[in-house]
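Starting off with a structure, shown below.
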């Protein structure tokens with residue numbers, strides 16, 4: 001039907017236009033356009049827009065393959081006692097240094113940071129906790145509670161984190177989870193939610209244990225990740241920073257005094273929190289956090305010596321924390337001077353009425369500070385995925401590409417690139433209007449000459 005109408009229009013133009021010699025080219029152009037319009041009506045698909053990907057190497061970088069380094073970069077050879085260790089950026093979770101940091105190992109009472117944070121999130125600190133005979137039977141280190149004793153939940157958390165009492169851990173677990181097994185399920189679920197990749201909890205106190213599924217333990221990386229989550233909780237920090245705490249059972253017949261055994265709190269400026277641990281299988285373990293200026297560092301140590309090497313964990317913690325403080329600083333890596341060329345829009349309606357016009361739309365990216373904790377020698381690479389051309393229609397504010405920032409293999413930011421103008425789709429009706437304008441302009445010229 002459309003083709004029939006187009007042919008009638010061609011005949012109409014041929015009958016009405018006076019074919020003077022100097023007007024031949026205009027008439028021929030009209031006929032060509034009408035045939036093109038007839039052809040366009042039958043087209044179903046337009047060419048797909050193409051994209052180019054540009055990798056911008058930071059200063060000093062030789063190529064993309066050479067810059068694809070691990071998450072921790074080129075780390076130094078630090079002398080540590082721990083068999084497994086991690087230094088983590090507490091804000092991003094990026095591993096800044098690791099020694100066997102992805103190896104699953106028993107972690108002793110550092111487990112109690114998970115017990116504490118889970119209790120804070122699911123329990124009521126004013127709850128009354130009744131002690132079971134099983135909880136009261138836990139080995140040293142223990143509060144010394146008796147079966148059927150009752151305590152306030154909040155008091156037991158101080159017992160748990162300051163003195164690392166094993167019986168308090170079980171009493172808490174049974175109160176929150178119904179059973180130790182039920183609480184362990186909650187612990188493992190929370191670990192998965194936090195992105196822990198190789199963690200398995202069986203006990204709430206970290207005593208050595210195994211079952212048909214695995215061995216109680218974690219990795220230094222996972223343990224650091226859990227601590228980075230815990231320190232976001234104000235009550236967790238309040239408990240773990242308390243130097244001394246006194247309480248009684250609810251009957252008021254027993255009095256308890258708890259002292260904080262995290263010596264790291266007095267060792268370095270900005271020491272934030274921490275938890276020690278020891279069992280025969282795990283050795284001495286530690287996880288601690290430090291915040292200085294605008295930087296937060298987490299250290300996790302597993303198998304850091306056995307008796308009589310109790311102080312090794314403090315030496316390793318200070319070594320790793322000082323390495324972080326001396327070498328890692330925040331830097332804004334956003335490329336403020338970057339400009340984008342306009343993108344060609346295919347099958348777009350000309351904006352100024354000219355037939356042979358390339359339609360383009362300008363691009364913009366929202367200026368945004370990209371704050372990254374990095375060493376001076378670490379470089380950021382930027383990948384620009386910007387289209388060479390796009391298909392009409394294009395709306396103002398439509399995302400047409402993206403810019404991705406990488407530090408080593410770790411993606412640190414992704415920013416969308418938008419069109420700042422719109423572009424309409426070129427339709428057959430536009431050709432009709434264009435030809436009518438040409439026709440009436442020609443007719444007016446004829447009238448003036450006559």
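The values are calculated or read from the model by the stated rules, or taken from the named source; none is laboratory data. Model, not experiment: these values are computed from the prediction. Because the Cβ atoms are built from the backbone with ideal geometry, glycine has one as well, and the counts that use them run over all protein chains shown.
For the range 239-269, what are the residues that are part of a loop (DSSP other than H, G, I, E, B) and within 21 Å of residue 80 (Cβ to Cβ)?
Residues of the range 239-269 that are part of a loop (DSSP other than H, G, I, E, B), as a first pass: 242-243, 249-254, 260-262, 267-269.
Answer for the range 239-269, where residues must be part of a loop (DSSP other than H, G, I, E, B) and within 21 Å of residue 80 (Cβ to Cβ): 262, 267, 268.
When you check residue 337 against the structure, is it modelled with pLDDT under 95, surrounded by fewer than 15 Cβ atoms within 10 Å (Cβ to Cβ) and in contact with a strand residue (DSSP E or B) (Cβ under 7 Å, 6 or more places away or on another chain), yes or no? So that I can check it myself, show each step before the final result.
Values: modelled with pLDDT under 95: yes; surrounded by fewer than 15 Cβ atoms within 10 Å (Cβ to Cβ): yes; in contact with a strand residue (DSSP E or B) (Cβ under 7 Å, 6 or more places away or on another chain): no.
Answer is no for this residue.
Being touching a helix residue (DSSP H, G or I) at 6+ places or on another chain (Cβ under 7 Å), in contact (Cβ under 8 Å) with a residue 12 or more places away in the chain, more than 25 Å from residue 143 (Cα to Cα) and in a helix (DSSP H, G or I) narrows it down to one residue among 190, 225; which is it? Before the answer, list the steps.
On the way: 225 fails: touching a helix residue (DSSP H, G or I) at 6+ places or on another chain (Cβ under 7 Å).
Within the list 190, 225, the selection yields 190.
Scan the range 297-309 for residues that are at pLDDT 95 or above and either farther than 15 Å from residue 99 by Cα or touching a helix residue (DSSP H, G or I) at 6+ places or on another chain (Cβ under 7 Å) (or both) and jot them down.
Quick first cut of the range 297-309, residues at pLDDT 95 or above only: 297-307, 309.
Scanning the range 297-309 gives 297, 298, 299, 300, 301, 302, 304, 305, 306, 307, 309.
List the number of the failed condition for residue 402; all other conditions in (1) within 21 Å of the chain's Cα centre (by Cα); (2) outside any strand (DSSP E or B); (3) exposed (fewer than 15 other Cβ atoms within 10 Å of the Cβ) hold.
(2)
All but one of (1) touching a residue at least 40 places away in the same chain (Cβ under 8 Å); (2) more than 30 Å from residue 292 (Cα to Cα); (3) in contact with a strand residue (DSSP E or B) (Cβ under 6 Å, 6 or more places away or on another chain) hold for residue 398; state the number of the condition that does not hold.
With respect to (1) touching a residue at least 40 places away in the same chain (Cβ under 8 Å); (2) more than 30 Å from residue 292 (Cα to Cα); (3) in contact with a strand residue (DSSP E or B) (Cβ under 6 Å, 6 or more places away or on another chain), residue 398 is out only on (1).
Select the strands (runs of 3 or more DSSP E) contained entirely in the range 34-128, then report the ones holding at least 3 residues which are modelled with pLDDT under 95 and either under 30 Å from residue 179 (Cβ atoms) or out of contact with any helix residue (DSSP H, G or I) (no Cβ under 6 Å at 6 or more places or on another chain) (or both). Steps first, please.
On the way: elements: 51-56, 84-89, 95-99.
Qualifying strands (runs of 3 or more DSSP E): 51-56.
Against the condition surrounded by fewer than 24 Cβ atoms within 10 Å (Cβ to Cβ), in contact (Cβ under 8 Å) with a residue 12 or more places away in the chain and closer than 18 Å to residue 186 by Cα, how does residue 123 come out, does it pass?
yes
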